[in-house]
Amino acid sequence: MAQDGGIRIQVGQRAMRWARPRRVVFGRKHRHRTAFGEDFWGLGASTSMSRHWFGVEDVAITSQIDGVEESHLRVRCLSSTNSVLVWEGREPVRVQPQASYLAQGAVLFVGDLVEGLVVGARVSLAPGQPELSSSGGLVRSPAGAVSEDATAAGRTVSPGITQPPAGLDLSAATRDVVLARYHRYYRLPPDFDPQPTSWEQVAVVLGLLAPAQAADKGLLRRAVKDPQEAVTRLKQRVEALHPGWLPEASETQKTFHDHLRTILEMHRIFEPHEVDAFDARHPLARRPF
């Protein structure tokens, strides 16, 4: 990494870049730390979160074979009680208290589920320090880092306050598609079924096809085109918010659905009142096919 490089960190809608060398510590909100080479970023006020939960830093590793210096991200679990998860690929890595993890790539997500909410940060190696703009978008914070707040107004954001993680922003139609697709998973026996509902049944439940038309492949293909495209956009949104969380498996494999459904649960898509409201709107969902 060039000397003017560093790390970029995003929490919710707010992002910051720090010039190297730097370590950023995350945890429960408290007064801002000003030690040289280290900054504190409060993620929340939950007592389930350690005051010093984890830290991320950029490190230079020199190869013993060719002597080439390479840049890496390192995660340290600073808590004495709470572990932390690192997503860098298909499966997360659990970093135990006081242990560390050396990343293999240039981008990772680090955090965990805290009281039903996904809490953490997306971290990446930044190739260089961005130029400051007087017209907005990039402002210098009191901590000396460069803020990339998602606004054109150029407002300065306090370095000790973070915004909550961005939501999936699902439309009502996409919510209905998801609730229909995973409908039986959230039912008690004998209605429970861990497999996703077939697209034929989804089309009938949502009123896109009459039950007698579901066997017509041509009609079915046209009826589920928009719902399937909505799911594709949803997957893209999930990948943008949680890089590496979804496996590379096909949508026909149960592993993919287990991951996607769990992520949707984290975003409170399958709350009991949501499920009940869906059943009220779509009574065919409770009828056997």
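Things to note:
- Test result for G144, surrounded by fewer than 14 Cβ atoms within 10 Å (Cβ to Cβ), at pLDDT below 75 and on the phi > 0 side of the Ramachandran plot: yes
- In segment 95-125, the residues that are within 19 Å of L43 (Cα to Cα), modelled with pLDDT of 85 or more and not in a loop (DSSP other than H, G, I, E, B): V95, L108, F109, V110, G111, D112, V119, G120, A121, R122, V123, S124
- Here R187 meets each of (1) buried (at least 19 other Cβ atoms within 10 Å of the Cβ); (2) of a type outside the set (A, V, I, L, M); (3) modelled with pLDDT under 90 with one exception, condition (1).
- When segment 226-254 is filtered for residues that are closer than 21 Å to L108 by Cα and free of Cβ contacts under 8 Å to residues at least 12 places away in the same chain, the ones remaining, listed by number, are Q236, E239, A240, A249.
- Condition check for I65: assigned to a loop (DSSP other than H, G, I, E, B), β-branched (V, I, T) and at pLDDT below 85: yes
- Taken over segment 50-64, residues that are crowded, with 22+ Cβ neighbours inside 10 Å and either of a type in the set (D, E, K, R) or more than 25 Å from Q104 (Cβ to Cβ) (or both) amount to 1.
- On the stretch given as segment 12-46, residues that are among the β-branched types (V, I, T) and modelled with pLDDT of 85 or more total 2.
Yes/no per residue for (1) surrounded by 13 or more Cβ atoms within 10 Å (Cβ to Cβ); (2) in the same structural domain as V118 (by TED's automatic domain parsing); (3) more than 28 Å from G116 (Cβ to Cβ):
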residue: V202; (1), (2), (3): yes, no, no
residue: A214; (1), (2), (3): yes, no, yes
residue: R237; (1), (2), (3): yes, no, no
residue: H259; (1), (2), (3): yes, no, no
residue: V275; (1), (2), (3): yes, no, no
residue: A280; (1), (2), (3): no, no, no
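- Within segment 255-289, being free of Cβ contacts under 8 Å to residues at least 12 places away in the same chain and of a type in the set (D, E) holds for D258, E265, E271, D276, D279.
- In summary, helices (runs of 4 or more DSSP H) completely within segment 204-289 and bearing 2 or more residues that are at pLDDT below 90 occur at 225-241, 254-266, 272-281.
The values are calculated or read from the model by the stated rules, or taken from the named source; none is laboratory data. This is a predicted model, so every value here is computed, not measured. Don't worry about glycine lacking a Cβ; one is built from the backbone with ideal geometry, like all the others, and counts go over all protein chains shown.
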